[in-house]
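The values are calculated or read from the model by the stated rules, or taken from the named source; none is laboratory data. Just so you know, these numbers come straight off a predicted model, no measurement behind them. Reconstructed Cβ throughout: ideal geometry from the backbone, glycine too, with neighbour counts over all protein chains shown.
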Amino acid sequence: MGSEAINYMSTDAAIVEAIRKEVRAVVREELVHFLLELRPYVTDEEMQEIENKLGNPEKYRKEDFEEVRL
């Protein structure tokens, strides 16, 4: 193989990798949108009832949570 063929192969590999990264990003974004759509609708009255029962999430301690990445 000549150097010209090697350059094409490395360029092709770079293009394939760039496409893979973009596809992953789009799939991840669409998954997040999908998961958000699965959340049930809560009325203001229901939300107030939840906050009365469980408290306001802004007052929760950060130590009680773990960060989860999608």
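Values for this structure:
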{"item": "Residues being of a type in the set (A, V, I, L, M) and over 19 Å from VAL32 (Cβ atoms) - total across segment 43-70", "result": "3"}
{"item": "Segment 57-70 residues that are loosely packed, with under 10 Cβ neighbours inside 10 Å, paired with ones that are of a type outside the set (Ser, Thr, Tyr) and not in a loop (DSSP other than H, G, I, E, B) (beta carbon under 7 Å, 6 or more apart)", "result": "LEU70/ARG28; LEU70/LEU31; LEU70/VAL32"}
{"item": "Total residues in segment 34-46, condition more than 12 Å from LEU70 (Cα to Cα), in a helix (DSSP H, G or I) and not acidic (Asp, Glu)", "result": "3"}
{"item": "LEU31 modelled with pLDDT under 95 and under 22 Å from ARG69 (Cα atoms)", "result": "no"}
